[in-house]
Amino acid sequence: MSNPIIITIDGFASTGKSTIAKKISSHLKYNYVDTGSIYRAITLLSIKNGFLESGSINLDLLKNSLDESSFFLNSETNKLYFNQSQLDDEIRSYEVSESVSLIAKISFVRSFVLEQLRSLKISKGLVIEGRDIGSVVFPNANFKFFFNASIETRVDRRWNEMIKKGIKISKNKIKENIITRDRTDEKRKLSPLIIPKDSIQIDTSNLTIEKVFDKIIELLN
Ligand code: DC
């Protein structure tokens, strides 16, 4: 399709971006991409292949591996594949969350992801969420949103998600991870987390999913 409608949602970790982006995309029958899952999949690959050990990364091995890698979006099912394997819940582990910001600040990783995202085959339109989507990946997007929420709300949301998946973890550990990740994402030199120009800011702390959804649909209309 030549000019699909692009809606971007950027923002801090656990502010509800994925939940809302999924809901909006299914309402509009658009494709949906969670770009954090791409950085997570690359982090998992690095852990599994030993490119990432105790916080240190073998850049040469990672680069060689990415040179032979690609992501694919099935535009019918909205499932993302990395080298033919569908992304699954393994990318959400605490181990991956702990290291993903380190991987996401590497220049060749960001160029690789940028190229992959810009070449995704999409049908009618796209709802895409992350940290640099409205600012760098699709600066000319039709609609841009930026989400924030209080740290307490974000910790509670992430903790509930983990508990539902049967993962036992303390709220303190989650808080520490979210704060460290925010800091790394905001301070990195390349495509840091910023509020994109022309974006609509939404604080989701005291809003239900339905309220945020309604607000966005109203704005889109
Ligand atoms: O959305 P998430 O928490 O699953 O994202 C995981 C990490 O990926 C996040 O801490 C930073 C990185 N990321 C990024 O650098 N740029 C994006 N567009 C999306 C995610």
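What follows draws every value from the coordinates through simple rules; no lab data is involved. All of these numbers come straight from a predicted model, not from anything done at the bench. Using ideal geometry, Cβ is built from the backbone for each residue, glycine included, and neighbour counts are taken over all protein chains shown.
Checking the conditions here, which among P139, P196, P192 is surrounded by 14 or more Cβ atoms within 10 Å (Cβ to Cβ) and in contact with a Phe, Trp or Tyr (Cβ under 7 Å, 6 or more places away or on another chain)? Even if it seems obvious, please write down each step before you answer.
Numbers: P139 fails: in contact with a Phe, Trp or Tyr (Cβ under 7 Å, 6 or more places away or on another chain); P192 fails: in contact with a Phe, Trp or Tyr (Cβ under 7 Å, 6 or more places away or on another chain).
The unique qualifying residue is P196.
What are the pairs with Cβ atoms under 6 angstrom where one residue, in region 104-119, is touching a residue at least 12 places away in the same chain (Cβ under 8 Å) and on the phi < 0 side of the Ramachandran plot and the other, located anywhere, is part of a helix (DSSP H, G or I) and surrounded by fewer than 16 Cβ atoms within 10 Å (Cβ to Cβ)? Sequence gap at least six, or different chains.
Matching pairs, first to second residue: F108/K63.
Taking only region 48-75 into account, find how many residues are crowded, with 17+ Cβ neighbours inside 10 Å and within 19 Å of F108 (Cβ to Cβ).
6
Quick check on region 205-221. Is at least one of its residues within 16 Å of the ligand (Cβ to nearest atom), surrounded by 14 or more Cβ atoms within 10 Å (Cβ to Cβ) and of a type in the set (A, V, I, L, M)? Don't jump to the end; show me each part of the working.
Residues of region 205-221 that are within 16 Å of the ligand (Cβ to nearest atom), as a first pass: none.
Checked region 205-221: no residue is within 16 Å of the ligand (Cβ to nearest atom), surrounded by 14 or more Cβ atoms within 10 Å (Cβ to Cβ) and of a type in the set (A, V, I, L, M).
Which residues, taken from region 167-199, are polar (S, T, N, Q), more than 21 Å from F138 (Cα to Cα) and in contact with a Lys or Arg (Cβ under 7 Å, 6 or more places away or on another chain)? Spell out the reasoning first.
The initial filter retains those residues of region 167-199 that are polar (S, T, N, Q), namely 170, 172, 177, 180, 184, 191, 199.
Now restrict to residues that are more than 21 Å from F138 (Cα to Cα): 170, 172, 177, 180, 184.
Once the filter is applied, which keeps residues that are polar (S, T, N, Q), more than 21 Å from F138 (Cα to Cα) and in contact with a Lys or Arg (Cβ under 7 Å, 6 or more places away or on another chain), region 167-199 yields only T184.
Can you name every residue in region 102-131 that is charged (D, E, K, R), in contact with a Leu (Cβ under 7 Å, 6 or more places away or on another chain) and either within 9 Å of the ligand (Cβ to nearest atom) or not in a loop (DSSP other than H, G, I, E, B) (or both)?
K105, R110, R131
Can you tell me how many residues in region 149-183 are within 14 Å of the ligand (Cβ to nearest atom) and crowded, with 16+ Cβ neighbours inside 10 Å?
Result for region 149-183: 11.
Considering only region 7-51, state which residues are out of contact with any helix residue (DSSP H, G or I) (no Cβ under 6 Å at 6 or more places or on another chain), in a strand (DSSP E or B) and within 14 Å of the ligand (Cβ to nearest atom).
V33, the sole residue that qualifies.
Could you tell me how many of the residues in region 140-188 are part of a loop (DSSP other than H, G, I, E, B), over 11 Å from S14 (Cα atoms) and within 18 Å of the chain's Cα centre (by Cα)? Let's see the steps before the verdict.
First, the residues of region 140-188 that are part of a loop (DSSP other than H, G, I, E, B): 140-142, 149-150, 165-170, 188.
If we keep only those that are over 11 Å from S14 (Cα atoms) too, we end up with 140-142, 165-170, 188.
Checking which are within 18 Å of the chain's Cα centre (by Cα) leaves us with 141, 188.
Here the count works out to 2.
Please specify each residue of region 1-33 satisfying the condition of being charged (D, E, K, R) and within 11 Å of the chain's Cα centre (by Cα). Lay out the reasoning, then the answer.
Residues of region 1-33 that are charged (D, E, K, R), as a first pass: 10, 17, 22-23, 29.
Selection gives D10, K17.
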